[in-house]
Amino acid sequence: MAALSIPVFSLRLGSSDAGNDPSSSTTRKAYDLLADGFGPGFNGPLQLVAQAPTVADKAALANLSTWLKNVDGVASVAALPMQSGSTVGIVQVVPTTSPQAKQTSDLIDHLRNDVIPAAEKGTTLKVYVGGQTAIFDDFASVLTSKLPEFIAVIVVLGGLLLMLAFRSLLIPATGAVMNLLAAGASFGILIAMFQWGWGSEALGLGKAGPVDAFIPVIMISILFGLSMDYQVFLVSRMHEEWLHTKDNARAVRVGQVETARVITAAAAIMVCVFLAFVFGGQRVIAEFGIGLAAAVALDAFILRTILVPAAMHAFGKANWWLPAWLERTMPHLSVEPPDEPLFVAEPGLPGLNTAGDSPGASTFTLPRENS
């Protein structure tokens, strides 16, 4: 699981385009023809939009157009003529690299942070970098910066719910670590396949490229929902046995035996459903399918049925420990409804065993379906 998570450190979010389509598609053929004829950056030019209200600003914009031709990573520059009386100028910049290349993202940052501020200095000129390529790059940058906060919120909220349900500190911590491990391993497989290109062409899913920026947010949400479902299902049975016997080894063993088949059967169904996404031939849909299928398979067949029970065996009774002060302040949240109350029968009723705590009475618990 740790080895599968290694590619996560090279994760690069972006946006797939026609260059990632299968090589047999007409969109990919048109994309390649344009790249061969006019350069890779022709498929995603940058559009610099400037506000130039004064004559000095217009001169500064003309100088900027000249400077851009000497910037590394710029293939060509075309300044559109300003209409009479207009204060808005447009300069089209074609990079030397494709829209989804990392060098193109670096060029956008270089223009915004270095080249354009130097041209604006001492004037009222304002230049903005736009265009489809810049929009996708900004979208990926925002999601990348917010991803740690997003994961932290999900982990904390899930941990709080597990702590309330099972009155434990270790069980939520174990669940959080396992969920992160499942997410890391599944993203490692996703990155190796689609970003590194290990097998994507063979499956007819196009060539390598960045992982689509919205994939992690949606995929992590679904994965954590499924993982928490499996965790609650597994540990609730263990918790029930622990309350009855106070024997951790027995509780873990019984919980694992009685829930593992259901968890793996449900996971097998989900894996088949997610793998069906791959056969649509669409890269974005296939990313969801491969990522979620790998995540569910690893989570159910390795984490919930092997690593979680093993960890709980190792921790022993500490699994169920909660500080007394925290126990008093926390509200009670039960995963399962309480047992049915005891029923005291009237003496002499037919068919009842009258050997109870009081003479002539019988105390027993009605089956739930008959109560």
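The values are calculated or read from the model by the stated rules, or taken from the named source; none is laboratory data. Small disclaimer: the values here were computed from a predicted structure and weren't measured. When we count neighbours, we look across all protein chains shown, and the Cβ atoms used for this are built from the backbone with ideal geometry, even at glycine. Please note that ligands, DNA and RNA were not included when accessible areas were found on the heavy atoms of the full protein model with its side chains. Shrake-Rupley method; radii C 1.70, N 1.55, O 1.52, S 1.80 Å.
For the stretch 51-108, the alpha-carbon radius of gyration amounts to 1.27 times the rule-of-thumb value 2.2 N^0.38 Å expected for a compact globular protein. Taking max minus min of the alpha-carbon positions on each principal axis, the stretch 65-173 gives extents of 72, 30, 23 Å, largest first.
Rg and Dmax over the alpha-carbon atoms of the stretch 236-334 stand at 18.1, 56 Å. Working note: Debye formula, equal point scatterers on the alpha-carbon atoms of the stretch 120-175, no solvent; log10 I(q)/I(0) at q = 0.15, 0.22, 0.23, 0.26 Å⁻¹ is -0.64, -0.85, -0.87, -0.94.
How much area per residue is accessible in the chain when the probe is 1.4 Å and only protein heavy atoms are counted (Å²)? Walk me through the numbers on the way to the answer.
Working: 19150 Å² over 371 residues.
I get 52 Å² per residue for this part.
Convex hull volume of the Cα atoms of the stretch 91-233, normalised per residue: 145 Å³.
Compute log10 of I(q)/I(0) for the chain with the Debye formula, placing one identical point scatterer on every Cα and leaving out solvent, at q = 0.07, 0.10 Å⁻¹, to two decimals. The Cα Debye sum returns log10 ratios of -0.51, -0.80.
From the largest down, the stretch 241-280 spans 51, 12, 10 angstrom on the principal axes of its Cα atoms.
Which FRET efficiency value, to the nearest 0.05, do you get for Tyr128 and Arg253 by plugging their Cβ-Cβ distance into 1/(1 + (r/R0)^6) with R0 = 56 Å?
Values: r = 64 Å, r/R0 = 1.14.
After rounding, the FRET efficiency stands at 0.30.
Hey, any idea what % of the chain's accessible area is carbon plus sulfur with a 1.4 Å probe? Carbon plus sulfur share of accessible area: 65 percent.
Once each part is reduced to its C-alpha centroid, what is the distance from the stretch 257-312 to the stretch 45-101 in angstrom? Comparing the Cα centres of the stretch 257-312 and the stretch 45-101, I get a distance of 50 Å.
Considering every alpha-carbon pair of the stretch 1-127, the percent of pairs per 5 Å bin, from zero through the bin containing the longest distance, is 2, 10, 17, 17, 14, 13, 11, 7, 5, 3, 1, 1, 0.
So what is the calculated 222 nm ellipticity per residue for the chain, using -39500 (n - 2.57) for each DSSP H run with n of 4 or more, over all residues, to the nearest 500 deg cm²/dmol?
Details: 12 runs with 190 residues, N = 371.
Roughly -17000 deg cm²/dmol at 222 nm, from the helical runs in the chain.
Taking a sphere under 14 Å around the Cβ of Gly316 and counting the other residues whose Cβ falls inside, with K and R at +1 and D and E at -1, yields a net charge of +3. Normalising the average separation of contacting C-alpha pairs (under 8 angstrom, six or more residues apart) by the number of residues puts the relative contact order of the chain at 19 percent.
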